[in-house]
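Heads up: the structure comes next, in structure tokens.
The values are calculated or read from the model by the stated rules, or taken from the named source; none is laboratory data. Not measured: the values here are computed from a predicted model. We place every Cβ from the backbone using ideal geometry, glycine too, and count neighbours over all the protein chains shown. Protein only, heavy atoms only, side chains kept; ligands, DNA and RNA dropped before computing areas. Shrake-Rupley method; radii C 1.70, N 1.55, O 1.52, S 1.80 Å.
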Amino acid sequence: MPELKRLHADHAPAVLAFELANRTYFAASISDRGDEFFDRFPDRYNASLAEQEAGICAFYVLVADDGSVLARFNLYDLEDGAARLGYRVAQQVADRGVATATVQELCRLAAARHGLRTLRAVTSHDNVASQKVLTKAGFVPVGPAAPADLGGKSGTWYQRDLQP
């Protein structure tokens, strides 16, 4: 049974493998991270851990029984009881309810562990799967997203108010 875990230094090899294995799949619906992301992965990963340690962000990975990463779920810019949610789910588990169930679990954690009251997420108009995940997880559309919010694509901001 996959388990949602807080990102840790030991997850680095599995996270890199996840990103590489799903790069083409992700690029079909969201902006590609670019070669620099992979070239500088150790530095970027360590910077993410430092941001998490500082309480600016909270990063989670959905880990399979074999230790592989099936998905990433990130809470960015934790401030004033709110944060932005981002996530990526491996192609091998897409369309199986994994994203929806884990976003719902992360909403509970966001309130209980991080004291958050509101989560916001953005998705492009093209990313119908992500729109469905957010809607099923209790998010509602709250306004248009500018191309600067989505790597050059237009989209919609979604929001969910959390219960403590």
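A few comments on the model shown:
- Top-ranked residue of the stretch 21-36 - restricted to ones that are under 16 Å from the mean Cα position of the chain (by Cα) and not polar (S, T, N, Q), ranked as modelled with the lowest pLDDT: 32
- For the stretch 19-29, the candidate set comprises residues that are open to solvent by less than 50 Å² (accessible area, probe 1.4 Å) and assigned to a loop (DSSP other than H, G, I, E, B); within that set, the residue that is nearest to residue 65 (Cα to Cα) is 22.
- Of residues in the stretch 81-100 being part of a strand (DSSP E or B), open to solvent by less than 30 Å² (accessible area, probe 1.4 Å) and at pLDDT 95 or above, the one farthest from residue 156 (Cα to Cα): 83
- Check on residue 33, touching a helix residue (DSSP H, G or I) at 6+ places or on another chain (Cβ under 8 Å) and part of a loop (DSSP other than H, G, I, E, B): yes
- Yes/no for residue 103 being within 12 Å of the chain's Cα centre (by Cα), outside any helix (DSSP H, G or I), modelled with pLDDT of 95 or more and within 20 Å of residue 15 (Cβ to Cβ): no
- Candidates 78, 7, 49, 16 - the one that is surrounded by 12 or more Cβ atoms within 10 Å (Cβ to Cβ), within 27 Å of residue 140 (Cα to Cα) and not β-branched (Val, Ile, Thr): 78
- The set of residues from the stretch 133-146 being touching a residue at least 12 places away in the same chain (Cβ under 8 Å), farther than 19 Å from residue 108 by Cα and surrounded by fewer than 16 Cβ atoms within 10 Å (Cβ to Cβ) comprises 141, 142, 143, 144.
- For the stretch 101-117, filtered to residues that are open to solvent by less than 30 Å² (accessible area, probe 1.4 Å) and in contact with a strand residue (DSSP E or B) (Cβ under 8 Å, 6 or more places away or on another chain), the residue that is nearest to residue 17 (Cα to Cα) is 102.
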